[in-house]
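The values are calculated or read from the model by the stated rules, or taken from the named source; none is laboratory data. Since the model is a prediction, treat every value here as computed from it, not as a measurement. Using ideal geometry, Cβ is built from the backbone for each residue, glycine included, and neighbour counts are taken over all protein chains shown.
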Amino acid sequence: MRSPDVSTQDNYISSLFAKENSTQQLSRQFAEELGLARISVSPAEAQVMKTLIKAHGGRLFIEIGTLTGLSAQYIVEALPADGELWTLEKDPRHASKAREVFAQMKLGSKKIHLVEGDAREQLLQLAELGPFDGLFIDGNKAAYYDYLLWAEKNLRRGGLILADNIFLSGAVWGAETAQRFSPKQIDIMRQFNTRLADASLYDSAILTTAEGLFMAVKK
């Protein structure tokens with residue numbers, strides 16, 4: 001068997017799974033055009049998310065931070081046949097690209113609702129549709145704690161929370177990083193991580209991906 005032509009751990013993991021489909025590739029293309037390819041979820045991280053969400057079995061899911069719709073596709077793939085995803089995006093340029101991607105997807109009876117606007121405001125309006133089964137957080141880092149407090153009120157018991165970029169490139173433990181994070185962002189992320197690690201509130205663990213992926217089940 002020929003060895004895969006890979007040079008990094010992430011590329012090796014990605015090579016073990018099926019190649020991304022046309023709409024997933026389109027999302028990556030759009031992210032590159034926007035100069036945001038580096039913040040798109042990697043194939044390896046996306047596969048982890050998809051597996052966790054499918055194993056959890058939830059039907060109603062929320063995503064904060066659509067970007068160009070890549071992670072939303074993996075989430076929807078993991079949902080059951082009658083699953084619904086509400087994905088929130090503040091930047092109209094990103095939302096426009098995601099909308100174009102979603103229009104080309106074959107969803108069957110599943111639904112994707114693209115919600116534009118500030119996530120903290122939009123979540124207040126979505127609350128009446130809950131309780132929800134799960135939440136993926138990948139948006140404004142300074143708002144992570146607010147998103148978590150909303151989730152505690154609006155996710156069912158046993159609901160799944162996934163949160164990306166929880167290391168802030170190492171800033172949460174004091175590492176010097178190429179990307180500049182404000183003291184406020186660092187403090188909020190530390191509070192967020194501490195609360196999710198609270199065993200009285202969650203069964204949780206951190207997956208040590210490059211940027212850190214927190215997974216937690218609400219008690």
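Below, the figures for the structure above:
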read-out: Pair list, Cβ < 6 Å and 6+ apart or interchain, from region 112-141 residues that are in contact (Cβ under 8 Å) with a residue 12 or more places away in the chain and over 14 Å from I64 (Cα atoms) to residues that are crowded, with 18+ Cβ neighbours inside 10 Å and β-branched (V, I, T); value: none
read-out: Residue satisfying condition, being at negative phi and in contact with a Ser or Thr (Cβ under 7 Å, 6 or more places away or on another chain), within set A95, A119, A103; value: A95
read-out: Failed condition for G65, given (1) surrounded by 13 or more Cβ atoms within 10 Å (Cβ to Cβ); (2) over 24 Å from P92 (Cα atoms); (3) at pLDDT 95 or above; value: (2)
read-out: Count - residues of region 83-110 that are in a loop (DSSP other than H, G, I, E, B) and surrounded by fewer than 21 Cβ atoms within 10 Å (Cβ to Cβ); value: 9
read-out: All positions within region 59-83 that are small (G, A, S) and either touching a helix residue (DSSP H, G or I) at 6+ places or on another chain (Cβ under 6 Å) or free of Cβ contacts under 8 Å to residues at least 60 places away in the same chain (or both); value: G69, A72, A78, A81, G83
read-out: Restricting region 25-38 to residues that are assigned to a helix (DSSP H, G or I) and out of contact with any Gly (no Cβ under 9 Å at 6 or more places or on another chain), the residue that is surrounded by the most Cβ atoms within 10 Å (Cβ to Cβ); value: A31
read-out: Of residues in region 187-219 being among the polar types (S, T, N, Q) and surrounded by fewer than 17 Cβ atoms within 10 Å (Cβ to Cβ), the one nearest to K153 (Cα to Cα); value: S200
read-out: Selection status of S71, farther than 21 Å from V217 by Cβ, polar (S, T, N, Q) and at pLDDT 95 or above; value: no
read-out: Any hit, region 161-171, residues being surrounded by fewer than 20 Cβ atoms within 10 Å (Cβ to Cβ) and either charged (D, E, K, R) or in contact with a Cys (Cβ under 7 Å, 6 or more places away or on another chain) (or both); value: no
read-out: Residues satisfying the stated conditions in region 120-146, i.e. crowded, with 21+ Cβ neighbours inside 10 Å, closer than 17 Å to L60 by Cβ and either touching a helix residue (DSSP H, G or I) at 6+ places or on another chain (Cβ under 7 Å) or β-branched (V, I, T) (or both); value: L123, F132, G134, L135, F136, I137
read-out: Any pair with Cβ under 9 angstrom, 6 or more apart, that starts in region 5-28 at a residue that is hydrophobic (A, V, I, L, M, F, W, C) and ends at one that is modelled with pLDDT under 80 and in a helix (DSSP H, G or I); value: V6/S14
